[in-house]
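The values are calculated or read from the model by the stated rules, or taken from the named source; none is laboratory data. Keep in mind the model is a prediction, meaning the values are calculated, not measured. Backbone-built Cβ (ideal geometry, glycine too); neighbour counts: all protein chains shown.
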Amino acid sequence: MIYNFSPGPAMLPLEVMRQVHEEFFNWRETGASIMEISHRGPVFLQFIEEVEADCRELLNLPSNYRILFLSGGARGQFAAIPLNLAGGDLTAAYIITGMWSKIASEEARRYTKVKIISSNEESSYTHILPADQWQNFNGAAYLHYTENETVHGLEFPQIPLCETVPLICDMSSSILSRPLDITRFGLIYAGTQKNIGIAGLTLVIIRDDLLERIPQTATPSIFNYALQVKNRSMYNTPPVFPWYMTGLILKWLKKEGGLVPVGARNQRKAEKLYQYIDQSGFYKNSIDRAYRSRMNVIFTLPDSDQEQLFLKQAEFNGLIGLKGHNSLGGVRASLYNAMPEEGVDALIDFMKIFVQKFS
C-alpha cells in the first residue's frame, strides 16, 4: 500500500478513483466521458445541482450564501477578493501567519490599500498573536486570514472574532475537514486539490450582501462574483473534470458520515503523530502547541543528511510526498481527509524503525 502525504495535489480516496475509472468512458449512460460532454447540457446541469446540494448539506449552508466553482486557484482569489470587495478608498485588513497569507496580502496591494493588523513573521511563523495584540481593523473593507498555513504547519484553533467587518478566509488546506460555522464569514475560498478534489477548481462561498458591493466597471468580468453567480459559475467554460471530481468526493464525505466523524478522525490522526514526535527525542516540531496544524505536520531531524536519508527510506517503504517545502526543508506529512488512520500508523512505525537503525 502506498500512502501519499503530499501537500497538494493530494491523496484521493481509493473508492473515488475506482469510480472514476469505471465511469471514464461512459458517464451516466451518456456514451461519452465527463470530459467530452457539454457543460450546458441537461445531464451536467443536473450534476452541478447535486454538487451544490451536497456542499450545502455538508456545510449546513444558509440560503443567503452562494456557492461558486471557479478557475484560477487560491492565487486567483488573492486578486479577485480586493477587486470585488475593496473598491473606492477602503483599506483591506490582513493577518499574516505564514507564506500564503503573506502572498495574499502582497497581491491585494496591487489593487487596494492594505493594513497588516497582525504578523508573526519575526518569530518564523511558530505561533499566532492573540487578538488583543492586533491593530484596529474597524472600517476596513474586510478582514482576511488563512486558517491553515500549509507550508509552515500552523493553524487558527478557532475562528477570529470579527463583528464589524466581513471576515474572509482562505481555507484551501482545511475546507470540509471538520464542522464549520459558516455564518461567521462573509466569504471563504479554497483550492480543491487538498481535501475535496484535484487541481483546477476553486470553491468560493459568498454571502449575498457582499454581492451588492461589487463595482461593475472596475472588476474584470471573469473575476466578478455577481456575474459568476448569475451564470452559475459558467460565465466561461468551467473546469469540468475537476468539478466532477469534487462532486464525487463530496458524496464520499457524506458516505463517511459527514464532517463530525471526518473531523474527529482528522484530529486523531494529527494527535497520534504529534504525540510520537514529542516523545521521540529525535524528531522536532517547533510550532507552539496551541497552533499546530491538523492538516500539515512539519518536523525536522537532527541534520539535513539524516532528513535526506529519511525521505529516501520512507519512499522505499511506500510513504511518499513527505519532503518539506523548498523554503523550509525538513519533513511535512499532510493528513488531509483521504489519508486513512492506517497511513499515519504506518508513518509512525517507520519513524520508530528509522530512529533505531539510523540515529
> In the stretch 215-247, which residues are within 12 Å of LEU83 (Cα to Cα) and of a type in the set (S, T, N, Q)?
Replying inline: GLN216, THR217, THR219, SER221, ASN224
> Just one of the numbered conditions (1) within 19 Å of PRO220 (Cα to Cα); (2) of a type in the set (A, V, I, L, M, F, W, C); (3) part of a helix (DSSP H, G or I) is not true of LEU68; which one?
Replying inline: (3)
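Go through the residues of the stretch 154-169 one by one and say whether even a single one is crowded, with 22+ Cβ neighbours inside 10 Å and either of a type in the set (Lys, Arg) or not in a strand (DSSP E or B) (or both). Walk me through it before giving the result.
As a first pass, look at the stretch 154-169 and keep what is crowded, with 22+ Cβ neighbours inside 10 Å: 154-155, 168-169.
When the remaining residues are screened for being either of a type in the set (Lys, Arg) or not in a strand (DSSP E or B) (or both), the result is none.
Within the stretch 154-169, not a single residue is crowded, with 22+ Cβ neighbours inside 10 Å and either of a type in the set (Lys, Arg) or not in a strand (DSSP E or B) (or both).
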>> Looking only at residues that are touching a residue at least 24 places away in the same chain (Cβ under 8 Å) and not in a loop (DSSP other than H, G, I, E, B) in the stretch 115-131, which one is farthest from LEU154 (Cα to Cα)?
In response: LYS115
> Does LEU309 fit the bill of being within 20 Å of the chain's Cα centre (by Cα) and touching a residue at least 24 places away in the same chain (Cβ under 8 Å)?
Replying inline: no
> Does ARG178 count as farther than 24 Å from ASN266 by Cα, part of a loop (DSSP other than H, G, I, E, B) and either of a type in the set (Lys, Arg) or within 19 Å of the chain's Cα centre (by Cα) (or both)?
Replying inline: no
> Which of the residues belonging to the stretch 319-339 are part of a loop (DSSP other than H, G, I, E, B) and without any contact (Cβ under 8 Å) to a residue 60 or more places away in the chain?
Replying inline: GLY324, ASN326, GLY329, GLY330
>> Just to check your reading of the model, which residue among TYR336, TYR291 is at pLDDT 95 or above and more than 18 Å from TYR3 (Cα to Cα)?
In response: TYR291
> If you take the residues in the stretch 31-54 that are in contact (Cβ under 8 Å) with a residue 24 or more places away in the chain, loosely packed, with under 15 Cβ neighbours inside 10 Å and closer than 19 Å to ILE249 by Cβ, which one is nearest to the chain's Cα centre (by Cα)?
Replying inline: GLU50
> Of the numbered conditions (1) out of contact with any helix residue (DSSP H, G or I) (no Cβ under 8 Å at 6 or more places or on another chain); (2) touching a residue at least 12 places away in the same chain (Cβ under 8 Å); (3) more than 30 Å from ILE214 (Cα to Cα), ARG28 satisfies every one except a single condition; which is it?
Replying inline: (1)
>> Looking only at residues that are crowded, with 20+ Cβ neighbours inside 10 Å and β-branched (Val, Ile, Thr) in the stretch 199-219, which one is farthest from CYS55 (Cα to Cα)?
In response: THR219
